[in-house]
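Enquirer: This is the structure I have questions about; it appears just below.
Please treat every number below as a calculation from the coordinates, not as lab data. Note that the structure is a prediction, hence the values are computed from the model and not measured. Positions of Cβ are generated from backbone atoms using ideal geometry, with glycine treated the same way; all protein chains shown enter the neighbour counts.
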């Protein structure tokens, strides 16, 4: 895949993610192309489920397990974290600074596949207790998965976008 084709695909998916935000969680099931590698669907499902549990326990290892060593994470404010060590530190810092997460929800809305890359678009929410009240914050995400030489799928890029 050429760099131009990759960049075009990322831009198209980012535009889709920006247009797809709603004020409440989506009610439709995830959209997945026919014939999608079942290992990809399994990796996405496991990562989302593990993330939801790990966020409530402060379990950084489980959160970063699906990332490649050279992954890039772009936070909601545009800050970029390069490599597994920086992504791990991001989560350690978040757990140390903020109120604990009492509930996490990851909703994968759509998957697009292009060869050894897959683009996952969705939403996520954290619920925390702030000033004695439950506060739920939603954000959108665009996650790029890459098929590894052994056939497993790992996160190579993860971009968090405002909920609108």
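Enquirer: Would you mind calculating the gained length between residue 76 and residue 104 on full extension (0.36 nm times residue separation, minus the Cα-Cα distance), in nm to one decimal? Don't skip to the answer; put the middle values down first.
Expert: Details: separation 28, 0.36 × 28 = 10.08 nm, distance 1.66 nm.
Residue separation times 0.36 nm, minus the Cα-Cα distance, leaves 8.4 nm.
Enquirer: Using a 7 Å offset from the Cα along the Cα-to-Cβ direction at both residue 65 and residue 42, what is the distance between the two label points in nm, to one decimal?
Expert: Here the answer is 1.4 nm between the modelled labels.
Enquirer: Can you compute the modelled spin-label distance between residue 116 and residue 31, with each label point 7 Å from Cα toward Cβ, in nm?
Expert: Each label point is offset 7 Å from its Cα along the Cβ direction, giving 2.8 nm.
Enquirer: By how many nm would the segment from residue 84 to residue 154 grow when fully extended, if each residue of separation counts as 0.36 nm and the alpha-carbon distance is taken off?
Expert: Taking residue 84 through residue 154 to full extension adds about 24.0 nm, to one decimal.
Enquirer: Under 37 °C and 0.692 mPa s, how fast does region 61-115 diffuse according to Stokes-Einstein, given a Kirkwood radius computed over C-alpha pairs? Answer in µm²/s, whole number.
Expert: The diffusion coefficient I find is 249 µm²/s.
Enquirer: Give me the Å³ per residue figure for the convex hull around the C-alpha atoms of region 56-164.
Expert: Enclosed volume per residue, from the Cα hull, is 110 Å³.
Enquirer: Equivalent-ellipsoid semi-axes (√(5λ), Cα gyration tensor) for region 109-164, whole Å, largest first?
Expert: 31, 12, 7
Enquirer: Could you calculate the FRET efficiency of residue 146 with residue 57 from 1/(1 + (r/R0)^6), where r is the beta carbon distance between them and R0 is 25 Å, rounded to 0.05?
Expert: Approximately 0.35, to the nearest 0.05.
Enquirer: Now for a different question. Need one number: nm distance between label points at residue 164 and residue 129, each 7 Å from Cα along Cα→Cβ, rounded to one decimal.
Expert: Modelled inter-label distance: 3.4 nm.
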